[in-house]
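Here the structure comes first, spelled out in structure tokens, and everything after it is commentary.
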Amino acid sequence: MKMTDGFIAVHCGAGHHKDKFHKQYNKLSKLACKAGTDVLKQGGSAIEAVKAAVLILENDPLTNAGYGSNLTTKGQVEGDAAIMDGKTLLYGGCGAVQKVKNPIELAYDICIKQREVLPMGLIPPSLLVGEGGFYHAKAAGLEIVKNKQLISHKALRQFKKYKKLLNTAELVENSPLDTVGAICVDGSGHVASACSSGGLLLKRPGRVGQAALYACGMWADSFSPRTETSVAVCTTGCESRHLRNIKQKLGGALVLHLTTEGEGAVLWGHSTETMSVGYMKTTDVKPKALISQLPQEIQVGSSINVGGTHFILNR
């Protein structure tokens, strides 16, 4: 199956996006989609495109990823990220990493270096955390910054507010869950997925969340696109049937499904108040973006709002 165009979709998290910021989230989603489709138009792969899109999302303080991430109880930024290539089924992830400006670049580097043959039968890592991830990033020549350069005014303000509440044993509610992600199909018909997150507000230092973990924060499979449908998924939030003691299940997912005939669909679903989504085909003049909203009569965390769009790739 030979494709001539591609498609990318991104999300800026499932959570509570204030009305006054909706335009900013939509603008950011469009910028990320544009960055991804620019890669595809230049002949780049799906995994390169999702990396480019997530990098845009990490660099904006609106999101809980990269610059502007939630802070740990010690006031530090510790990033989680992961990426998966549906063509090779290779995955790369990093967790609880400090001082790396763009965790998605670290996850990407870990992923592609699994193709290397190491001496003495050594096997390249697929997941690195903490200092291990930091030193890998440094050796790879990725941008390293001081921790304070990753802290936005918004994140610091929230940290001080909720740290005070935590110290007085009050319940912390409505903490941002703006994990970001991207899914893509490229000109060859292969898919990829990526995600990045600063984690929960006031998380313990060293905590690694789902955004870093294999088959948890993301998944992509286009290993046999001529004979099997392809799929790419990225998730956000903390929805799980295993959270028995949590009354509200808050989370969301962005899904790409592609048939062997080139018919595609992108679906998004969330149990939170809102979810920020954007998407673009390489032949589109401009990206589309929206804030998906849970109906007002539905209790947050009790049901899922689902939306989507359909597209066809030229063969």
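The values are calculated or read from the model by the stated rules, or taken from the named source; none is laboratory data. It should be emphasised that the depicted structure is a prediction, and the values quoted were computed from it without experimental measurement. Note that we place each Cβ from the backbone using ideal geometry, even for glycine, and neighbour counts take in every protein chain shown. Surface accessibility is based on the protein's heavy atoms, side chains included, excluding ligands, DNA and RNA. Shrake-Rupley method; radii C 1.70, N 1.55, O 1.52, S 1.80 Å.
Residues that are under 17 Å from Y67 (Cα atoms) and part of a strand (DSSP E or B) within the stretch 195-215 comprise C195, S196, S197, listed in sequence order. Filtering the stretch 154-176 for residues that are at pLDDT 95 or above, touching a helix residue (DSSP H, G or I) at 6+ places or on another chain (Cβ under 6 Å) and part of a loop (DSSP other than H, G, I, E, B) leaves an empty set.
Is it true that some residue in the stretch 57-67 is small (G, A, S), in a loop (DSSP other than H, G, I, E, B), touching an Asp or Glu at 6+ places or on another chain (Cβ under 7 Å) and on the phi < 0 side of the Ramachandran plot? Don't jump to the end; show me each part of the working.
Filtering the stretch 57-67 down to residues small (G, A, S) leaves 65-66.
From the residues that got through so far, the ones that are in a loop (DSSP other than H, G, I, E, B) too are 65-66.
From the residues that got through so far, the ones that are touching an Asp or Glu at 6+ places or on another chain (Cβ under 7 Å) too are 65-66.
With the extra rule that they be on the phi < 0 side of the Ramachandran plot, the set shrinks to 65.
Yes, the conditions are met somewhere in the stretch 57-67.
For the stretch 272-306, a residue qualifies if it is more than 30 Å from D38 (Cα to Cα), more than 17 Å from the chain's Cα centre (by Cα) and β-branched (V, I, T), and the qualifying residues are I298, V300, I304.
Hey, could you check the stretch 301-315 for residues that are surrounded by fewer than 16 Cβ atoms within 10 Å (Cβ to Cβ) and aliphatic (A, V, I, L, M) and say which is modelled with the lowest pLDDT? Working first, answer last.
From the stretch 301-315, those surrounded by fewer than 16 Cβ atoms within 10 Å (Cβ to Cβ) are 302-303, 306-307, 310, 312, 314-315; that's our starting set.
Checking the rest, the ones that are also aliphatic (A, V, I, L, M) come to 306, 312.
On the way: V306: 96, I312: 93.
Checking each candidate, the answer is I312.
Among the residues of the stretch 12-25, just one is in a helix (DSSP H, G or I) and buried (at least 19 other Cβ atoms within 10 Å of the Cβ), namely Y25. For the stretch 26-51, a tally of residues being among the hydroxyl-bearing types (S, T, Y), touching an Asp or Glu at 6+ places or on another chain (Cβ under 9 Å) and either assigned to a helix (DSSP H, G or I) or open to solvent by less than 20 Å² (accessible area, probe 1.4 Å) (or both) returns 1.
Take the conditions (1) assigned to a loop (DSSP other than H, G, I, E, B); (2) open to solvent by 90 Å² or more (accessible area, probe 1.4 Å); (3) at pLDDT 95 or above; E131 misses just one of them, which is (1). Does at least one position in the stretch 282-289 carry a residue that is part of a strand (DSSP E or B) and either out of contact with any His (no Cβ under 9 Å at 6 or more places or on another chain) or modelled with pLDDT of 95 or more (or both)? Scanning the stretch 282-289, I find at least one residue that is part of a strand (DSSP E or B) and either out of contact with any His (no Cβ under 9 Å at 6 or more places or on another chain) or modelled with pLDDT of 95 or more (or both), so the answer is yes.
With respect to L55, is the statement that it is farther than 30 Å from Q296 by Cβ and within 13 Å of the chain's Cα centre (by Cα) true?
Details: farther than 30 Å from Q296 by Cβ: yes; within 13 Å of the chain's Cα centre (by Cα): yes.
Yes: the conditions hold for L55.
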